[in-house]
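Step one of this worksheet: look at the structure below.
What follows draws every value from the coordinates through simple rules; no lab data is involved. Because the structure is predicted, anything quoted here is derived from the model rather than measured. Reconstructed Cβ throughout: ideal geometry from the backbone, glycine too, with neighbour counts over all protein chains shown.
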Amino acid sequence: MTRLRKNDRVKVISGNNKGKEGKILKIYPAKDRVIVEGVNIIKRHTRPNQKNPQGGISQREAPIHVSNVMLVDPKAGEPTRLGVKVIEEEGGKKKRMRYGVKSGEIIVS
């Protein structure tokens, strides 16, 4: 299970793309992988078809393992681990909120 969500800003902490930052475009929770904008670019050779009559080589992002990325803390601007706090709202309703461990600030998605 991952605490990351779509549109979160993450930084790659290991691998060939170490140091790059981007936004999460898609999450595959069953495989523990995410697609990050502008990270892990691969080239695909495509045959001519209706959509692309020319064919050729196209570039796109490939999935990267969740353990290789860290959420960028919106307050500090540095990578941070994620925690979960249970906050009680009015009416006795409880809500789970994500927070950055470094700054302690709640992350709104």
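Couple of notes before you dig in:
- In this structure, the amide hydrogen of residue 20, modeled 1.01 Å from its nitrogen in the peptide plane, lies closer than 5 angstrom to those of 12, counting only residues at least 5 positions away or on a different chain.
- Listed candidates (i) 14, 41, 28, 13, 3, 0; (ii) 14, 42, 32, 11, 1; (iii) 14, 36, 26, 15, 7, 2, 0 - label of the one calculated as P(r) over Cα pairs in 10 Å bins from 0, in percent: (iii)
- Net charge in the neighbourhood of residue 52 (other residues with Cβ under 14 Å of its Cβ; Lys, Arg +1, Asp, Glu -1) is +4.
- Signed unit charges on C-beta, dipole axis of the chain, positive-most listed residue 82, 52, 28: 52
- Ranked list, fewest to most other Cβ atoms within 10 Å of each Cβ, for 8, 32: 32, 8
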